[in-house]
Amino acid sequence: MSTPEEIAGVSDVDCTGKRALVTGSTSGIGRAAALALGRLGADVVVHGRDEEAGAAVVDELTRTGADAEFLRADFADPDAVRELAAAVRTSTDGLDLLFNNAGGVFRETRLTDAGVEYTFQVNHLSPYLLTAELLDHLRPGARVVTTASSAHRGASLDFGSVEAPDPATGFRAYGHSKLANVLFAAELAERLETADRDVVSNSVHPGAIPGSGFSRFLPGPLPWLVRRLDALPGVTTVADGAAELLFVGVSPRTADVSGRYFADRRPKQPSTAARDPEAARRLWAESAEMLDVEVPLSAVDDRAADEPSTAADT
């Protein structure tokens, strides 16, 4: 069976001296990507909620010769995300790779303690907050990779559903959060470029992967059916999904690419809603407001304010 780095065509990439944070790396594609990074020479910060699973991944990474540690954080809790960022800043002298991979699809929607729809908090707001907290910890040449999904297609940005979700539309909430991931990655790229930061940002669809563990959140008999699919030939595997992350994260072919959405290890055009720059700016500002933080990388907003008005602006 091929490894993720073999599938991605990056087996000869030397990541020695690079430090990576892979969120959601105690299982599924995050775990596979973290282990592949270790084999390529990177040192890895492992993140998840299960300390025993995290310790197991760290042990495997250590056997590859990587310097690895596990940091626990529940992405439903913004304070836990802030603590994760602080711990990363304390234990590392900089990051070269930030994989915003943690997330989930949940049977029913509900509100977090902060009054935000749970899926949106876990899948979008927490990666947004973590990235904002670590922006000045990213080294020159760093890459930010955000795990999105083709489930963003058909979704439209709807802040009303974040504050008052329909409890019966769990998968719709997932698609909405994945649209936010694509918009976030593109807007981050725009703001990094405007700030003259040597950091790239892209989003990626890793494929529909039965072995990823997401099936446990699906309703009715679907988890059982998806697990059965895992045994069929031609179905996307965890290694395939991890390869998508690696291709965007470490391949020389993507080193200077920013603001794109990747699938099947190539740039693809996302949905019309995911290509709306005004929606991306609004999402960026509204996310900061929901989290009660200053708008990160506000140079884009400053630039827009300085631009003369046109007929299209009025």
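Here, each number is a calculation from the coordinates, and none is a lab measurement. Computed from a prediction, not measured in an experiment: that's the story for all the values here. Positions of Cβ are backbone-derived with ideal geometry, glycine not excepted, and every protein chain shown enters the neighbour counts.
Once the Cβ-Cβ distance of residue 114 and residue 6 is raised to the sixth power relative to R0 = 51 Å, the FRET efficiency obtained is 0.75. Annotation: extensible slack from residue 56 through residue 257 equals 69.0 nm (criterion: 0.36 nm per residue apart, minus Cα-Cα distance).
Place a +1 charge on the Cβ of each Lys and Arg in the stretch 115-207 and a -1 charge on the Cβ of each Asp and Glu, then give the dipole magnitude about the Cα centre in debye, rounded to the nearest 20.
Numbers: 7 positive and 11 negative charges, 70 e Å.
About 340 debye.
Once the Cβ-Cβ distance of residue 163 and residue 49 is raised to the sixth power relative to R0 = 22 Å, the FRET efficiency obtained is 0.30. I need the fraction of alpha carbon pairs in the stretch 11-290 separated by more than 28 Å, rounded to a whole percent. Of all Cα-Cα distances in the stretch 11-290, 30 percent exceed 28 Å. Just the number, please: Stokes-Einstein D of the stretch 1-113 in µm²/s, Kirkwood Rh from C-alpha pairs, 25 °C, 0.890 mPa s. In µm²/s, the coefficient is 169. Considering only alpha-carbon pairs that sit under 8 angstrom and 6 or more positions apart, the relative contact order computed for the chain is 19 percent.
With semi-axes defined as the square roots of five times the eigenvalues of the C-alpha gyration tensor, the equivalent ellipsoid of the stretch 71-114 measures 25, 13, 6 Å, largest first. Note on the chain: with charges restricted to the Cβ of Lys and Arg (+1) and Asp and Glu (-1), its dipole about the Cα centre is near 1240 debye. Just to confirm a number: summing +1 for Lys and Arg and -1 for Asp and Glu over residues other than residue 2 whose beta-carbon lies under 15 angstrom from that of residue 2, what do you get? In short, -3.
Potential lengthening of the chain between residue 278 and residue 74 amounts to 70.4 nm, from the contour at 0.36 nm per residue minus the alpha-carbon distance. Annotation for residue 86 and residue 196: the two label points, set 7 Å from Cα along the Cα-Cβ direction, are 3.3 nm apart. Using θ = phi - 60° in the Karplus curve 6.51 cos²θ - 1.76 cosθ + 1.60, the 3J(HN,Hα) couplings for the stretch 278-292 round to 5, 5, 5, 5, 5, 4, 4, 6, 5, 5, 4, 5, 4, 8, 6 Hz; x is entered for Gly and Pro. Whole-Hz Karplus values for the stretch 104-110 come out as x, 10, 10, 4, 10, 8, 7 Hz, taken residue by residue from phi with 6.51 cos²θ - 1.76 cosθ + 1.60 and θ = phi - 60°; glycine and proline positions read x.
Only Cα pairs under 8 Å and 6+ residues apart enter the sum, and on that basis the relative contact order of the stretch 23-182 stands at 21 percent. Rounded to the nearest 5, the antiparallel percentage of DSSP beta bridges internal to the stretch 11-290 is 15%.
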